[in-house]
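Trainee: Structure provided below as C-alpha coordinates; questions to follow.
The values are calculated or read from the model by the stated rules, or taken from the named source; none is laboratory data. What you see is a predicted model, and the numbers here were worked out from it, not measured in a lab. Here the Cβ positions follow ideal geometry from the backbone for every residue, glycine too, while neighbour counts run over all protein chains shown. Heavy atoms of the whole protein, side chains included, go into the accessibility calculation; ligands, DNA and RNA do not. Shrake-Rupley method; radii C 1.70, N 1.55, O 1.52, S 1.80 Å.
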Amino acid sequence: MLSEGGYFMKGMAMGGLFCLFLSLLGSFRLSTESETDGNNHHHHHVKAQSKDELTRLSDGHMQEFSNQVQVSCIIMVQPKILVYWATAVDTWSKHCDKAVFYTSESSKALEAVDLNENDDWARLRKALKHAYENAGDLRWFFVAQATTFAIIENLKYLVLAKDPSEPFYLGNAMKSGELEYVAYDSGIVLSYEALKRLVHVFQDEDKCPERGRALWKLSEDKQLAVCLKYTGVFAENGEDAHGKGLFNSKSVDSLITDSMKANPSNVVEDCCSDMAVTFNGMSPNQMQVMMFGVYRLRPYGHDFHDSIVFNPPDGSDND
(Lines give C-alpha, C1' and ligand atoms only; values in the text may rest on other atoms or scores of the structure.)
Protein backbone atom coordinates (compact mmCIF):
# COMPACT_ATOMS: atom_id res chain seq x y z
CA MET A 1 0.00 0.00 0.00
CA LEU A 2 1.38 3.39 -1.00
CA SER A 3 2.02 6.08 1.58
CA GLU A 4 0.72 9.63 1.13
CA GLY A 5 4.20 10.60 -0.12
CA GLY A 6 4.08 7.76 -2.65
CA TYR A 7 0.72 8.93 -3.99
CA PHE A 8 2.08 12.47 -4.26
CA MET A 9 5.12 11.35 -6.26
CA LYS A 10 2.94 9.18 -8.50
CA GLY A 11 0.65 12.14 -9.13
CA MET A 12 3.61 14.37 -9.98
CA ALA A 13 4.92 11.80 -12.46
CA MET A 14 1.54 11.36 -14.13
CA GLY A 15 1.09 15.14 -14.35
CA GLY A 16 4.50 15.54 -15.96
CA LEU A 17 3.73 12.84 -18.53
CA PHE A 18 0.39 14.49 -19.32
CA CYS A 19 2.09 17.87 -19.90
CA LEU A 20 4.67 16.19 -22.12
CA PHE A 21 1.85 14.58 -24.12
CA LEU A 22 0.18 17.97 -24.62
CA SER A 23 3.47 19.50 -25.76
CA LEU A 24 4.05 16.71 -28.28
CA LEU A 25 0.46 17.02 -29.46
CA GLY A 26 1.08 20.73 -30.10
CA SER A 27 4.15 19.88 -32.16
CA PHE A 28 2.15 17.37 -34.20
CA ARG A 29 -0.56 19.98 -34.77
CA LEU A 30 2.08 22.44 -35.99
CA SER A 31 3.47 19.87 -38.41
CA THR A 32 0.13 18.88 -39.92
CA GLU A 33 -1.18 22.44 -40.22
CA SER A 34 1.99 23.64 -41.92
CA GLU A 35 2.05 20.74 -44.36
CA THR A 36 -1.48 21.51 -45.50
CA ASP A 37 -0.68 25.18 -46.08
CA GLY A 38 -1.62 26.29 -49.59
CA ASN A 39 1.86 27.60 -50.40
CA ASN A 40 4.31 24.83 -51.25
CA HIS A 41 7.56 26.83 -51.57
CA HIS A 42 9.65 24.15 -49.88
CA HIS A 43 13.27 24.08 -51.02
CA HIS A 44 16.05 22.37 -49.08
CA HIS A 45 19.11 23.65 -50.95
CA VAL A 46 19.67 27.09 -52.47
CA LYS A 47 22.75 27.18 -54.69
CA ALA A 48 24.66 30.19 -55.95
CA GLN A 49 25.05 30.75 -59.68
CA SER A 50 27.97 28.96 -61.31
CA LYS A 51 30.47 30.97 -63.37
CA ASP A 52 29.18 29.27 -66.52
CA GLU A 53 25.63 30.38 -65.72
CA LEU A 54 26.79 33.95 -65.25
CA THR A 55 28.55 34.04 -68.61
CA ARG A 56 25.19 33.35 -70.29
CA LEU A 57 23.78 36.60 -68.90
CA SER A 58 24.02 39.79 -70.92
CA ASP A 59 25.99 42.74 -69.56
CA GLY A 60 22.69 44.57 -69.08
CA HIS A 61 21.24 41.76 -66.98
CA MET A 62 24.36 41.55 -64.82
CA GLN A 63 24.35 45.28 -64.20
CA GLU A 64 20.65 45.12 -63.35
CA PHE A 65 21.22 42.29 -60.85
CA SER A 66 24.19 44.15 -59.34
CA ASN A 67 22.10 47.26 -58.71
CA GLN A 68 18.99 45.45 -57.48
CA VAL A 69 20.52 43.13 -54.87
CA GLN A 70 20.76 45.23 -51.72
CA VAL A 71 21.01 43.88 -48.20
CA SER A 72 19.73 45.25 -44.92
CA CYS A 73 21.77 43.91 -41.99
CA ILE A 74 19.99 43.34 -38.68
CA ILE A 75 22.74 42.97 -36.08
CA MET A 76 21.83 41.93 -32.54
CA VAL A 77 24.17 43.27 -29.84
CA GLN A 78 24.42 43.68 -26.07
CA PRO A 79 26.56 46.04 -23.96
CA LYS A 80 28.25 43.06 -22.27
CA ILE A 81 29.91 42.21 -25.62
CA LEU A 82 30.81 45.81 -26.45
CA VAL A 83 34.15 44.87 -28.02
CA TYR A 84 32.41 42.60 -30.58
CA TRP A 85 29.82 45.28 -31.21
CA ALA A 86 32.57 47.84 -31.94
CA THR A 87 34.40 45.37 -34.18
CA ALA A 88 31.28 44.65 -36.25
CA VAL A 89 30.79 48.42 -36.69
CA ASP A 90 34.38 48.81 -37.83
CA THR A 91 34.56 45.79 -40.16
CA TRP A 92 32.07 43.77 -42.18
CA SER A 93 28.90 45.78 -41.44
CA LYS A 94 30.32 48.61 -43.61
CA HIS A 95 29.54 46.44 -46.61
CA CYS A 96 25.81 46.24 -45.88
CA ASP A 97 23.60 48.60 -47.86
CA LYS A 98 21.99 49.37 -44.52
CA ALA A 99 23.24 48.20 -41.13
CA VAL A 100 21.19 48.67 -37.96
CA PHE A 101 22.33 47.47 -34.56
CA TYR A 102 19.67 46.40 -32.06
CA THR A 103 20.46 46.23 -28.35
CA SER A 104 18.86 45.08 -25.10
CA GLU A 105 19.85 48.38 -23.50
CA SER A 106 21.43 51.58 -24.74
CA SER A 107 25.14 52.30 -24.70
CA LYS A 108 26.74 55.74 -24.71
CA ALA A 109 29.68 54.40 -26.66
CA LEU A 110 27.90 53.08 -29.78
CA GLU A 111 24.77 53.86 -31.73
CA ALA A 112 21.95 51.31 -31.77
CA VAL A 113 18.18 50.92 -31.55
CA ASP A 114 17.38 50.31 -27.88
CA LEU A 115 14.60 47.72 -27.75
CA ASN A 116 14.40 47.82 -23.94
CA GLU A 117 13.82 44.06 -23.86
CA ASN A 118 15.81 41.41 -21.98
CA ASP A 119 14.16 38.31 -23.43
CA ASP A 120 16.17 37.15 -26.47
CA TRP A 121 13.23 35.96 -28.55
CA ALA A 122 11.04 38.99 -27.81
CA ARG A 123 13.98 41.27 -28.66
CA LEU A 124 14.60 39.54 -31.99
CA ARG A 125 10.89 39.84 -32.87
CA LYS A 126 10.96 43.58 -32.20
CA ALA A 127 14.11 43.99 -34.29
CA LEU A 128 12.63 42.12 -37.26
CA LYS A 129 9.41 44.13 -37.07
CA HIS A 130 11.40 47.39 -36.95
CA ALA A 131 13.52 46.31 -39.94
CA TYR A 132 10.40 45.42 -41.93
CA GLU A 133 8.66 48.71 -41.16
CA ASN A 134 11.77 50.66 -42.20
CA ALA A 135 12.81 48.51 -45.18
CA GLY A 136 12.27 51.13 -47.86
CA ASP A 137 13.42 49.63 -51.18
CA LEU A 138 15.57 46.93 -49.53
CA ARG A 139 14.41 43.40 -50.27
CA TRP A 140 16.97 41.12 -48.61
CA PHE A 141 17.60 40.93 -44.86
CA PHE A 142 20.56 39.42 -43.05
CA VAL A 143 20.16 38.68 -39.34
CA ALA A 144 23.40 38.23 -37.42
CA GLN A 145 24.96 38.30 -33.99
CA ALA A 146 27.88 40.59 -33.24
CA THR A 147 30.16 37.53 -33.01
CA THR A 148 29.49 36.64 -36.67
CA PHE A 149 31.80 37.73 -39.48
CA ALA A 150 30.03 38.13 -42.83
CA ILE A 151 31.16 38.70 -46.41
CA ILE A 152 28.15 40.57 -47.76
CA GLU A 153 29.26 40.48 -51.41
CA ASN A 154 29.15 36.67 -51.31
CA LEU A 155 25.67 36.82 -49.81
CA LYS A 156 24.60 39.07 -52.69
CA TYR A 157 26.10 36.59 -55.14
CA LEU A 158 24.11 33.76 -53.54
CA VAL A 159 20.77 35.52 -53.97
CA LEU A 160 21.74 37.23 -57.24
CA ALA A 161 19.05 35.64 -59.40
CA LYS A 162 16.57 34.87 -56.61
CA ASP A 163 13.27 36.70 -56.45
CA PRO A 164 12.74 38.40 -53.05
CA SER A 165 8.99 38.37 -53.68
CA GLU A 166 9.23 34.63 -53.00
CA PRO A 167 9.62 33.44 -49.38
CA PHE A 168 13.29 32.57 -48.88
CA TYR A 169 14.64 31.67 -45.43
CA LEU A 170 18.18 30.36 -45.70
CA GLY A 171 21.58 29.90 -44.12
CA ASN A 172 23.08 26.92 -42.32
CA ALA A 173 20.02 24.62 -42.22
CA MET A 174 19.87 22.27 -39.23
CA LYS A 175 17.38 19.73 -37.92
CA SER A 176 16.08 19.20 -34.39
CA GLY A 177 13.58 16.37 -34.28
CA GLU A 178 11.10 17.18 -37.05
CA LEU A 179 11.90 20.89 -37.03
CA GLU A 180 14.22 22.27 -39.71
CA TYR A 181 15.70 25.65 -38.84
CA VAL A 182 18.53 28.01 -39.82
CA ALA A 183 21.27 28.30 -37.20
CA TYR A 184 21.42 31.80 -35.72
CA ASP A 185 25.18 31.77 -35.07
CA SER A 186 25.86 31.34 -38.81
CA GLY A 187 23.55 34.17 -39.87
CA ILE A 188 19.99 34.06 -41.22
CA VAL A 189 18.85 35.40 -44.60
CA LEU A 190 15.23 36.39 -45.22
CA SER A 191 13.65 37.67 -48.40
CA TYR A 192 11.14 40.50 -48.18
CA GLU A 193 8.24 38.07 -48.67
CA ALA A 194 9.46 35.78 -45.88
CA LEU A 195 9.89 38.73 -43.51
CA LYS A 196 6.45 40.08 -44.43
CA ARG A 197 4.82 36.74 -43.60
CA LEU A 198 6.80 36.50 -40.38
CA VAL A 199 5.75 39.94 -39.15
CA HIS A 200 2.15 39.08 -40.00
CA VAL A 201 2.21 35.82 -38.01
CA PHE A 202 3.71 37.69 -35.03
CA GLN A 203 0.17 39.00 -34.51
CA ASP A 204 -1.17 35.46 -33.95
CA GLU A 205 -0.34 34.55 -30.34
CA ASP A 206 -1.60 30.98 -30.83
CA LYS A 207 0.81 30.23 -33.66
CA CYS A 208 3.70 32.53 -32.75
CA PRO A 209 3.61 33.61 -29.09
CA GLU A 210 5.96 36.36 -27.93
CA ARG A 211 6.67 34.32 -24.81
CA GLY A 212 7.16 30.62 -25.50
CA ARG A 213 4.64 28.16 -24.08
CA ALA A 214 6.59 24.91 -24.41
CA LEU A 215 7.78 22.97 -21.37
CA TRP A 216 11.32 23.85 -22.36
CA LYS A 217 12.52 27.17 -23.74
CA LEU A 218 13.32 27.12 -27.44
CA SER A 219 16.27 29.09 -28.80
CA GLU A 220 15.53 32.13 -30.96
CA ASP A 221 16.41 30.38 -34.23
CA LYS A 222 14.03 27.49 -33.47
CA GLN A 223 11.27 29.87 -32.42
CA LEU A 224 11.76 31.70 -35.71
CA ALA A 225 11.50 28.45 -37.69
CA VAL A 226 8.30 27.45 -35.87
CA CYS A 227 6.64 30.77 -36.69
CA LEU A 228 7.79 30.70 -40.33
CA LYS A 229 6.60 27.11 -40.74
CA TYR A 230 3.07 28.24 -40.01
CA THR A 231 3.29 30.61 -42.99
CA GLY A 232 4.60 27.97 -45.41
CA VAL A 233 8.23 29.13 -45.24
CA PHE A 234 10.86 26.47 -44.63
CA ALA A 235 14.58 26.44 -43.84
CA GLU A 236 16.94 26.15 -46.80
CA ASN A 237 20.68 25.47 -46.87
CA GLY A 238 22.79 28.07 -48.67
CA GLU A 239 25.42 26.39 -50.87
CA ASP A 240 27.87 27.23 -53.62
CA ALA A 241 27.61 25.76 -57.13
CA HIS A 242 29.48 22.63 -55.94
CA GLY A 243 27.17 21.99 -52.99
CA LYS A 244 29.50 23.29 -50.26
CA GLY A 245 27.84 25.12 -47.38
CA LEU A 246 28.31 28.90 -47.31
CA PHE A 247 27.24 29.65 -43.74
CA ASN A 248 29.70 28.47 -41.09
CA SER A 249 29.25 28.27 -37.31
CA LYS A 250 33.03 27.91 -36.84
CA SER A 251 36.03 30.15 -37.47
CA VAL A 252 38.36 29.72 -40.45
CA ASP A 253 41.02 28.52 -38.01
CA SER A 254 38.75 25.77 -36.63
CA LEU A 255 37.63 24.68 -40.09
CA ILE A 256 41.22 24.44 -41.35
CA THR A 257 42.22 22.48 -38.22
CA ASP A 258 39.36 20.05 -38.86
CA SER A 259 40.39 19.77 -42.51
CA MET A 260 44.02 19.05 -41.62
CA LYS A 261 42.86 16.07 -39.56
CA ALA A 262 40.32 14.80 -42.09
CA ASN A 263 42.17 15.44 -45.36
CA PRO A 264 45.79 16.54 -44.81
CA SER A 265 46.66 16.19 -48.51
CA ASN A 266 44.09 18.78 -49.60
CA VAL A 267 43.48 21.06 -46.63
CA VAL A 268 42.22 24.22 -48.33
CA GLU A 269 39.88 22.47 -50.77
CA ASP A 270 38.34 20.35 -48.02
CA CYS A 271 38.02 23.24 -45.55
CA CYS A 272 35.31 25.52 -46.85
CA SER A 273 33.85 27.21 -49.88
CA ASP A 274 35.82 30.06 -51.46
CA MET A 275 32.46 31.86 -51.70
CA ALA A 276 31.67 31.47 -47.98
CA VAL A 277 29.26 34.03 -46.54
CA THR A 278 29.81 33.71 -42.77
CA PHE A 279 32.15 32.45 -40.07
CA ASN A 280 31.74 32.50 -36.29
CA GLY A 281 33.75 31.88 -33.14
CA MET A 282 36.50 34.42 -33.85
CA SER A 283 37.97 36.94 -31.45
CA PRO A 284 37.69 40.66 -32.35
CA ASN A 285 41.38 40.61 -33.35
CA GLN A 286 40.79 37.65 -35.67
CA MET A 287 37.86 39.49 -37.24
CA GLN A 288 40.16 42.42 -38.02
CA VAL A 289 42.64 39.98 -39.61
CA MET A 290 39.79 38.50 -41.67
CA MET A 291 38.85 41.98 -42.83
CA PHE A 292 42.39 42.59 -44.02
CA GLY A 293 42.63 39.21 -45.75
CA VAL A 294 39.25 39.41 -47.47
CA TYR A 295 39.20 43.04 -48.61
CA ARG A 296 42.76 44.38 -48.74
CA LEU A 297 45.34 41.64 -49.30
CA ARG A 298 45.79 40.89 -52.99
CA PRO A 299 48.38 38.71 -54.78
CA TYR A 300 49.98 40.94 -57.41
CA GLY A 301 49.18 39.92 -60.97
CA HIS A 302 46.34 37.61 -60.01
CA ASP A 303 42.99 38.41 -61.62
CA PHE A 304 39.85 36.75 -60.26
CA HIS A 305 37.92 37.49 -63.50
CA ASP A 306 34.67 38.19 -61.64
CA SER A 307 31.78 38.72 -64.05
CA ILE A 308 29.87 41.04 -61.76
CA VAL A 309 30.79 43.82 -59.35
CA PHE A 310 28.88 44.84 -56.22
CA ASN A 311 29.64 48.49 -55.58
CA PRO A 312 29.50 49.86 -52.02
CA PRO A 313 26.57 52.08 -50.98
CA ASP A 314 26.89 55.78 -51.82
CA GLY A 315 28.80 57.62 -49.12
CA SER A 316 29.82 54.38 -47.43
CA ASP A 317 33.00 54.06 -45.38
CA ASN A 318 33.51 50.81 -47.29
CA ASP A 319 36.95 49.19 -47.56
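Trainee: How far, in nm, would the chain grow between GLU269 and ALA161 when pulled straight, counting 0.36 nm per residue and subtracting the alpha carbon separation?
Mentor: Working: separation 108, 0.36 × 108 = 38.88 nm, distance 2.61 nm.
The span from GLU269 to ALA161 would gain 36.3 nm if fully extended.
Trainee: What lysines does LYS156 reach when the alpha-carbon gap must be under 23 Å and sequence neighbours fewer than 8 apart in one chain are set aside?
Mentor: Correct list for LYS156: LYS47, LYS51, LYS94, LYS98, LYS129, LYS196, LYS244, LYS250.
Trainee: Once ligands and nucleic acids are excluded and a 1.4 Å probe is used, how much of GLU210 is accessible, expressed in Å² to the nearest 10?
Mentor: Its heavy atoms expose roughly 60 Å² to the probe.
Trainee: Excluding residues on the same chain fewer than 8 positions from LYS80, give the lysines whose Cα lies under 16 Å from its Cα.
Mentor: Result set, ordered by chain and number: LYS108.
Trainee: Roll a 1.4 Å probe over the protein chains and send me the accessible area per residue for the stretch 82-124 in Å². Walk me through the numbers before you get to the answer.
Mentor: Details: 1940 Å² over 43 residues.
Accessible surface, normalised per residue, equals 45 Å².
Trainee: Counting only protein heavy atoms, what percent of the accessible surface of the stretch 158-265 is carbon or sulfur at a 1.4 Å probe? Present the calculation step by step, with values, prior to reporting the outcome.
Mentor: On the way: 2310 of 4700 Å².
Of the solvent-accessible surface of the stretch 158-265, carbon and sulfur hold 49 percent.
Trainee: Give the long-range amide H neighbours of GLU236: residues separated by 5 or more places, or on another chain, with amide H under 5 Å away, using H modelled in the peptide plane at 1.01 Å from N.
Mentor: TYR169, LEU170, GLY171
Trainee: Would you mind checking the stretch 99-119 for residues with the amide N under 19 Å from a putative spin-label position 7 Å along Cα→C-beta of GLU210?
Mentor: Answer for this model: 102-106, 113-119.
Trainee: If packing is taken as the average number of other Cβ atoms within 10 Å across a peptide's residues, how do 68-79, 158-169 rank, most packed first?
Mentor: Descending packing order for the listed peptides: 68-79, 158-169.
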